[in-house]
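Following: one structure in structure tokens, then a few remarks.
The values are calculated or read from the model by the stated rules, or taken from the named source; none is laboratory data. Quick caveat: nothing in here was measured; it's all calculated off a predicted structure. Counting neighbours? That spans all protein chains shown, and the Cβs are built from the backbone with ideal geometry, glycine included. Surface areas here come from the heavy atoms of the whole protein model, side chains and all, with no ligands, DNA or RNA. Shrake-Rupley method; radii C 1.70, N 1.55, O 1.52, S 1.80 Å.
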Protein chains: 8
Amino acid sequence: MEPKVMIILGSASDFNVAEKSINILEILGISYDVRVASAHRTHEKVKKIVEESTANGVEVFIGIAGLSAHLPGIIAANTHKPVVGVPVSVKLGGLDALFATVQMPVGAPVATVGIDRGENGAILAAQMVGIHDVHVRTKLSKMRREFFFKIKKDEEKLAEKLT
Amino acid sequence: MEPKVMIILGSASDFNVAEKSINILEILGISYDVRVASAHRTHEKVKKIVEESTANGVEVFIGIAGLSAHLPGIIAANTHKPVVGVPVSVKLGGLDALFATVQMPVGAPVATVGIDRGENGAILAAQMVGIHDVHVRTKLSKMRREFFFKIKKDEEKLAEKLT
Amino acid sequence: MEPKVMIILGSASDFNVAEKSINILEILGISYDVRVASAHRTHEKVKKIVEESTANGVEVFIGIAGLSAHLPGIIAANTHKPVVGVPVSVKLGGLDALFATVQMPVGAPVATVGIDRGENGAILAAQMVGIHDVHVRTKLSKMRREFFFKIKKDEEKLAEKLT
Amino acid sequence: MEPKVMIILGSASDFNVAEKSINILEILGISYDVRVASAHRTHEKVKKIVEESTANGVEVFIGIAGLSAHLPGIIAANTHKPVVGVPVSVKLGGLDALFATVQMPVGAPVATVGIDRGENGAILAAQMVGIHDVHVRTKLSKMRREFFFKIKKDEEKLAEKLT
Amino acid sequence: MEPKVMIILGSASDFNVAEKSINILEILGISYDVRVASAHRTHEKVKKIVEESTANGVEVFIGIAGLSAHLPGIIAANTHKPVVGVPVSVKLGGLDALFATVQMPVGAPVATVGIDRGENGAILAAQMVGIHDVHVRTKLSKMRREFFFKIKKDEEKLAEKLT
Amino acid sequence: MEPKVMIILGSASDFNVAEKSINILEILGISYDVRVASAHRTHEKVKKIVEESTANGVEVFIGIAGLSAHLPGIIAANTHKPVVGVPVSVKLGGLDALFATVQMPVGAPVATVGIDRGENGAILAAQMVGIHDVHVRTKLSKMRREFFFKIKKDEEKLAEKLT
Amino acid sequence: MEPKVMIILGSASDFNVAEKSINILEILGISYDVRVASAHRTHEKVKKIVEESTANGVEVFIGIAGLSAHLPGIIAANTHKPVVGVPVSVKLGGLDALFATVQMPVGAPVATVGIDRGENGAILAAQMVGIHDVHVRTKLSKMRREFFFKIKKDEEKLAEKLT
Amino acid sequence: MEPKVMIILGSASDFNVAEKSINILEILGISYDVRVASAHRTHEKVKKIVEESTANGVEVFIGIAGLSAHLPGIIAANTHKPVVGVPVSVKLGGLDALFATVQMPVGAPVATVGIDRGENGAILAAQMVGIHDVHVRTKLSKMRREFFFKIKKDEEKLAEKLT
């Protein structure tokens, strides 16, 4: 069976950002796959992955790349499924990757999340999957409640520290 | 019947950007509604729109705002449906709105598209709707073919100009 | 009795900046309280803290947050008391948080101080409290004299070093 | 009688931004005065205005300046009353003025609002005056309700346009 | 016969920048061709143009694009001939296009020239062609002498103006 | 015999970036030489190196410099051979060097590659040399295949890690 | 007799900025000359002007240039007299020219003034000339008094407008 | 006897930058003095130092400061002697200090050098002193020759390393 989310990394060095995405998808129980394929160096491979995945039922793509970060845009050029882009900070604090990911021309949008923000890439993908999957929506609600609980505990720890 | 896409503008002055989204949704035949509600000035109203829309089956939100652009983030804080953010250029070429829209903390992502890029906000929303709607996907393909055709004609015009 | 200054952190990880504010408020003898509440993840809680604090006589709020930094703006949307915002550097040197904090629309200003500049957040809050509190003004004057004295001693040390 | 708010412009060319502040203070019925005095060219005058105003009961200062924008900082160096800074865009979209206004060292904060955002400078000043003035707070609430009403009417106009 | 320089525009709206390149190539008598092909919207076409041109003896490519500006990078991914990139200012003063063009990963460099600087794109291409073409080098020298002459005449006009 | 590529460093402290260029040129078997000469401090020397190298058959120059980074521009002012510029990050993440290298006036282009991207400087130079040298083109193709192979192995390692 | 200040423009299009410098020097009665000479296109000429001027007693140089703005740095490389640099806004709001002018390496400083700020370039040059010329210092004082007077009159006009 | 150059630091923490200035002035044998005085915290002291130094024959001031960096501007407001400004990187890579130092209004220029570039601050001051002091000019020439020699030795070391 095909995964619901296909994660593509521009370079193996982006894995620490991808790992954040993977952790979230594991928690939410959403099937995924991970590939490494450079928009510039292994261009044909990107195209092949995207076309096959689209045909086989992948619902959302996540492209993770730094620098001129063309990968998410190339994915978007080869599918009609939504593409999430995670800009990675390599130079200039990631501003180059942010611009290259988000400033797409009309017709090929990339759903860009924050710099190095792999978790949000996965949560956004999960929200898309969740449009028609109540199970995923329920898990997202649970995750949010846990965030709330964590913040409450952080505050309690802070309160102890301050008294 | 509830619309599939809910567009919320931070201010009536953002309407020229929203209009680009509306034009795309009209072409694609996706139902939508448009509201004006400021994240800071009519905060309760944003919350009410988002909660009711979520309950009534809206599939994707589009938040359009400039400056500190908290609107898409506030929408995201009140729903588990995906939220598309369109940063509007008012000051600093829209860099402030871009940062405020995209740099969200873990747990509340906003699917950010390019500055003033209302068309892409709508196309991205359509791609999300299209995950489970072959009719929308077909229309998206048709739109892409038309883009291709337009570029071909642009080139022909250019060729004439150059000879 | 309610504190005069309510400090709200967007995340427990902002505590090192909040600590600078706390140190100043301790020196100036101004009552304060500290909470952790995310604009996006525990939105209702922020609203509740702000409304109760406003009703109970808090005079100034300090919102401390990084990234898209909506917290100070959300506080401002829920009170007519002045709100001080301290942008925290997480990415892009804090430029994202600075823009998100300061570029507020008409009607909901945030009194923004420098990036990571928790001390100034507290001094500014103290100046506001001090408008009608001669005791606080006296302590602020004393603090300024001590800064002067410290600089004088720094120069003396430098003079020794140079001779 | 002394005014409650003293507005100082770095240059007569900043008047269009100051005018926005003045309009708000007129609506809120808060007494004010306006001066032109450059931090660099008429430095002694700035000092004199600030010291006399502080002694005579001015509660808040508003400094409006562009470029290297030292004026608000110079005001802050000469009073313990809170100082609001409004950066004006002359070059670089106002980024220079924003940085020069907000990035103050420990001990002399400037309560910075958005670029060219004279209205928010005045609203922030009014919030500070309002800490101990229920009359001003009431007027601020009324102003906020009117903003809400205006947005509601904007939406109605939009609704008509769309149908 | 194949042209020596192939100019590809990301969009017909970039033509005013391409025109500057064309003017220079006309002056230098270097054969060229111009195409419009978007990296994202007509991706296959870009690939086809580049592969055929490479096979047929094109010596240098010039890619002209704005915004996320992936076009020059896509050209570079499909040829071993040098690729010149001209970033076009559409948003953010062209900073987005500059970053997307120049910050390429190892293995696929783009020879980036200044924002909207179509002339320099062509001169750089001519210098590459000129490595093995003394005729082009001679024309480049002549062009430089004419620049010198123009500056001399500008100074003379200025001298008259000043006296 | 003269080298085909002349690398000039603005300062010996830029050597770590130059080393990346050297490694690539070694792999590709292209002859090169390396000099240290500051555009500002040993200006005559730069001129002499460039004029002699141009006369003796150097085909491409690579200028590597940080900060105001005038070196590549000065090289370009003294030759009609193409000049590759590699901006080095010393301050501001290398943004200063990038702007100073790429934003050249009409008539003296510098083929700018990414910040600290010495490898790409060399690959670009090799592509220029390769226009008329099938041997170099073959080696470039081989290098690209090896990149592809490396990415494939990275993915395999990742696959093992994930299972 | 040689002038005391030599103004060099990178391009005749920078003349509107140079005009501001000229006006100030006329008011202060300081002798000057103006030349147009591009750092890249007429490099030898820059060198010749600078060396002759230095030998003939020019006390200060003013270099005015936009974009990668190497001109002031090239002047500084050819003289031990102080060099004032005025960055001109052509692209990116003049940020490129500011960085290229100010971020000089150790040994060849350029005394940089604000973007397009020709007046300040001339005043700074006058201050340098004035170190040993009481006549110039007196005129500078007079100019400052007149600025003060102008601001006073601006304020009076404002006062009338407001009443 | 009064020193020729007066160095003022905004804060003792800027001493590492000042040290670079001091080393240069020591080499060039130019008398100097160093003070610590904050533009905002010990404003009266800055004024007193500047007025006394101006009266006693100081020829050039060097102001060294970070963040909103008003110190050099305040010095310039109180003297007609030239003022050199050295922006210090504390936040945002020093961009805030650079803007605050260089973007001065008409009438009070600051001769700005590069970020953290204390050496160039001193060399620029020396060039100003040297306008009427052949002894200083001679030492500046000697220093430049030594830079040249150092670069030559760097290149020789590099040559050994490469063979």
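Pairs of Cα atoms nearer than 8 Å and 6+ residues apart set the relative contact order; for segment A:5-133 it is 28 percent. Count Lys and Arg as plus one, Asp and Glu as minus one, and take only other residues whose Cβ is under 13 Å from that of C:Thr79; the net charge is then +2.
For the protein assembly as shown, the Kirkwood hydrodynamic radius from C-alpha pairs, put into Stokes-Einstein at 4 °C and a viscosity of 1.567 mPa s, yields a diffusion coefficient of 41 µm² per second. Annotation: peptides D:89-97, A:73-81, ranked by per-residue average of other Cβ atoms within 10 Å with the highest first, follow the order A:73-81, D:89-97.
Looking at the square roots a ≥ b ≥ c of the eigenvalues of the Cα gyration tensor of segment H:1-67, which shape do they give, rounded for a/c under 1.5, prolate if a/b is larger than b/c, or oblate?
oblate
Pairing chains F and E buries close to 3600 square angstrom of accessible surface in total, based on protein heavy atoms and a 1.4 angstrom probe. In terms of the Cα gyration tensor, with a ≥ b ≥ c the square roots of its eigenvalues, is segment F:5-132 rounded because a/c is under 1.5, prolate because a/b exceeds b/c, or oblate? Here segment F:5-132 falls in the rounded category. Placing +1 on the Cβ of every Lys and Arg and -1 on the Cβ of every Asp and Glu, with no other charges, gives the protein assembly as shown a dipole of roughly 0 debye about its Cα centre. Anisotropy class assigned to segment B:77-163 is oblate, per the alpha carbon gyration tensor with a/c at or over the 1.5 cut-off and a/b no larger than b/c. Where chain F is rotated onto chain C, the residue of F whose Cβ comes nearest the axis, and that gap in whole Å, is F:Gly93, 5.
Averaged over the residues of peptide G:84-91, the number of Cβ atoms from other protein chains lying within 10 Å of each residue's Cβ is 3. Taking Cα centre as origin and charging only the Cβ of basic (Lys, Arg, +1) and acidic (Asp, Glu, -1) residues, the dipole magnitude of segment A:1-82 rounds to 200 debye. Convex hull volume of the Cα atoms of segment F:72-124, normalised per residue: 65 Å³. Taking the centroid of alpha carbons for each part, segment C:90-135 and segment A:1-80 are 40 Å apart.
Surface exposure of chain F, expressed per residue as accessible area with a 1.4 Å probe, stands at 33 Å².
Other protein chain C-beta atoms within 10 Å of residue C-beta, averaged over H:114-122: 6. Of the peptides B:23-29, H:44-50, H:34-40, B:64-70, the order by per-residue mean of other Cβ atoms within 10 Å, starting with the highest, comes out as B:64-70, H:34-40, H:44-50, B:23-29.
Given R0 = 60 Å, the distance between the Cβ atoms of F:Leu162 and D:Glu160 translates into a calculated FRET efficiency of 0.60.
The share of accessible area on segment E:5-133 that comes from carbon and sulfur is 46 percent, using a 1.4 angstrom probe. Just to verify a number: FRET efficiency for A:Glu44 and E:Val134, C-beta to C-beta distance, R0 = 41 Å, to 0.05? My answer for the efficiency is 0.60. Counting Cβ atoms of other protein chains within 10 Å of each Cβ in D:147-157 and taking the mean gives 5. Spacing of the modelled spin labels on E:Asn23 and B:Phe149, each 7 Å from Cα toward Cβ, amounts to 3.6 nm.
Straight-line cross-link reach from A:Lys157 at under 27 Å between alpha-carbon atoms covers these lysines, not counting any fewer than eight positions away in the same chain: A:Lys20, A:Lys139, A:Lys142, C:Lys4, C:Lys20, C:Lys45, C:Lys47, C:Lys48, C:Lys91. Taking every DSSP helix (H) stretch of at least 4 residues in the protein assembly as shown, weighting each as -39,500 (n - 2.57) and dividing the sum by the residue count yields a mean residue ellipticity at 222 nm of -16500 deg cm²/dmol.
The residue among E:Pro109, E:Val5, E:Ala69 whose Cα reaches farthest toward the positive pole of the charge dipole of segment E:5-133, with charges on the beta-carbon of Lys, Arg, Asp and Glu, is E:Ala69. Overall, segment E:49-144 carries a charge dipole of about 360 debye about its Cα centre when +1 sits on the Cβ of Lys and Arg and -1 on the Cβ of Asp and Glu, all other atoms neutral.
Around A:Val17, with a cut-off of 13 angstrom between Cβ atoms, what is the net charge of the other residues, counting Lys and Arg +1 and Asp and Glu -1?
Working: positive: A:Lys20, A:Arg117, C:Lys91; negative: A:Asp14, A:Glu19, A:Asp116, A:Glu119.
Local charge sum for A:Val17: -1.
Net charge of the neighbourhood of F:Gly66, taken over other residues with C-beta under 10 Å away and scored Lys/Arg +1, Asp/Glu -1, is -2.
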